[in-house]
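Structure record follows, encoded as structure tokens.
The values are calculated or read from the model by the stated rules, or taken from the named source; none is laboratory data. Small disclaimer: the values here were computed from a predicted structure and weren't measured. Here Cβ is always computed from backbone atoms with ideal geometry, including for glycine, and neighbour counts include all displayed protein chains. Ligands, DNA and RNA are stripped out before the accessible areas are found, and what is left, the full protein with its side chains, is counted by its heavy atoms. Shrake-Rupley method; radii C 1.70, N 1.55, O 1.52, S 1.80 Å.
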Amino acid sequence: SAVISQKPSRDICQRGTSLTIQCQVDSQVTMMFWYRQQPGQSLTLIATANQGSEATYESGFVIDKFPISRPNLTFSTLTVSNMSPEDSSIYLCSASPIGDNEQFFGPGTRLTVL
Amino acid sequence: EDQVTQSPEALRLQEGESSSLNCSYTVSGLRGLFWYRQDPGKGPEFLFTLYSAGEEKEKERLKATLTKKESFLHITAPKPEDSATYLCAVRDFNKFYFGSGTKLNVKP
């Protein structure tokens, strides 16, 4: 298994600003993912964070809006850029440990954009 | 094309009333079917992994089973603290596909 922490746990931001969310895993992992979850909805995959290379984005998500870094096997960041109220959501980081098929989740970051 | 479909969307049970949640899936190279529990405002909590038809896993009042096309999460004599959204996911090579979840409400 893997224990995943996220910072911040929540934030309230102004329209037009950017927020960077950090994700730290307690062990080395192969894949790391970033999801968005609207209230009462299921998970929507934003991108797969690739160590040492550019992230792989899902349809409807672009690097300019959601730049992602993954400098090593235990850490990743997601930036939500030029925010609007429509970006208000819970953002979840997840990871799949080396040798495991499972995916484990962090506690999430609740973002409110005014 | 949906890879994972969960039913029902919502389920209300009385405490002690057993039931089952369904997860049907279509993937070409299954590398695991996963069940998660999610409480409001929190990240999904991993429950089970199933790999092959006929496999079963149990944890307290929960038992997960798998066939070639679907999985069931059986809840025996549920308690109010079992109230949560239960998510099903499948892994197809290096991609994960999540269902929309079943919101379970167990009333005392």
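Pick from region A:98-112 the residues that are part of a strand (DSSP E or B) and open to solvent by less than 10 Å² (accessible area, probe 1.4 Å): which of them is nearest to the other protein chains (Cβ to nearest Cβ)? Of everything passing the filter in region A:98-112, A:THR109 is nearest to the other protein chains (Cβ to nearest Cβ).
Among the residues making up region A:50-107, those that are under 12 Å from the mean Cα position of the chain (by Cα) and among the hydrophobic types (A, V, I, L, M, F, W, C) are A:ALA55, A:PHE66, A:ILE68, A:PHE75, A:LEU78, A:VAL80, A:ILE90, A:LEU92, A:CYS93, A:ALA95, A:PHE105.
Considering A:SER53, A:SER69, A:SER84, A:SER88, the condition of being open to solvent by 50 Å² or more (accessible area, probe 1.4 Å) and either out of contact with any Ser or Thr (no Cβ under 7 Å at 6 or more places or on another chain) or away from every other protein chain (no Cβ under 12 Å) (or both) is satisfied by A:SER53 alone.
Which one is nearest to the other protein chains (Cβ to nearest Cβ) among residues in region B:71-96 that are within 22 Å of B:GLY54 (Cβ to Cβ) and open to solvent by 50 Å² or more (accessible area, probe 1.4 Å)? Out of the qualifying residues, it is B:PHE72. In the set (1) in contact (Cβ under 8 Å) with a residue 60 or more places away in the chain; (2) part of a loop (DSSP other than H, G, I, E, B); (3) within 14 Å of another protein chain (Cβ to nearest Cβ); (4) within 16 Å of B:ASN105 (Cβ to Cβ), the condition left unmet by B:PRO40 is number (1).
Determine if region B:21-36 includes at least one residue that is β-branched (Val, Ile, Thr) and in contact with a strand residue (DSSP E or B) (Cβ under 7 Å, 6 or more places away or on another chain). Among the residues of region B:21-36, at least one is β-branched (Val, Ile, Thr) and in contact with a strand residue (DSSP E or B) (Cβ under 7 Å, 6 or more places away or on another chain), which makes the answer yes.
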